[in-house]
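Worksheet: the structure to be examined is printed underneath.
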Amino acid sequence: PAVPAAPPAPAEAAAPADAAKFETAARNLMNCIKELNDALQGVKDTATADAAAPKVKELVAKMDAVSAENEKLGEPTPEIQAQVEKAVGAEFEQAMKALGETMRPIAMNGFYDSEALMQAIAPVLRMN
């Protein structure tokens, strides 16, 4: 008689390396957000907005590349998601809050009439 197939192995807990990959991905994106915030810190008028635009454009492209790499990881398991949130969640949230606080007066002032800055930052504004 035929031997019955072995039952499927139970799903193993996520390997620490997998969690580390997701944590690294989150940190990479967070670092891009921090760099973008730094680049926008000195924007107070049209001249400084125009001057910041090339760096902002470079950082937005970097964020897009990091995000694309992160998407290749797929969806984390709930366990990995919890590990990543515990490891970097508060710091990531603070980075996002800081960027929002930096962006608010720039946006409220119409990007200081800097078409270059508006174009450079537009992809980030569409992410939200």
Within the stretch 1-40, count every residue that is open to solvent by 70 Å² or more (accessible area, probe 1.4 Å) and either at pLDDT below 85 or among the hydroxyl-bearing types (Ser, Thr, Tyr) (or both). 15
Check on residue 94, of a type outside the set (Phe, Trp, Tyr), part of a helix (DSSP H, G or I), within 20 Å of residue 24 (Cα to Cα) and under 15 Å from the mean Cα position of the chain (by Cα): yes
Contact list, first residue from the stretch 104-125 and of a type in the set (D, E, K, R), second anywhere and at pLDDT 95 or above, beta-carbon distance below 6 Å, six or more apart or interchain, is 113/46
Residue list for the stretch 60-104, restricted to those being under 23 Å from residue 44 (Cβ atoms), open to solvent by 40 Å² or more (accessible area, probe 1.4 Å) and hydrophobic (A, V, I, L, M, F, W, C): 96
Considering only residues that are in a helix (DSSP H, G or I) and surrounded by fewer than 21 Cβ atoms within 10 Å (Cβ to Cβ), which ones fall in the stretch 41-59? 46, 47, 48, 50, 51, 54, 55, 57, 58
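The values are calculated or read from the model by the stated rules, or taken from the named source; none is laboratory data. The structure presented is a predicted model; accordingly, all values stated were derived computationally and were not measured. For neighbour counting, all protein chains shown are included, and Cβ atoms are generated from backbone atoms with ideal geometry for every residue, glycine included. SASA here: full protein model, heavy atoms, side chains in, ligands and nucleic acids out. Shrake-Rupley method; radii C 1.70, N 1.55, O 1.52, S 1.80 Å.
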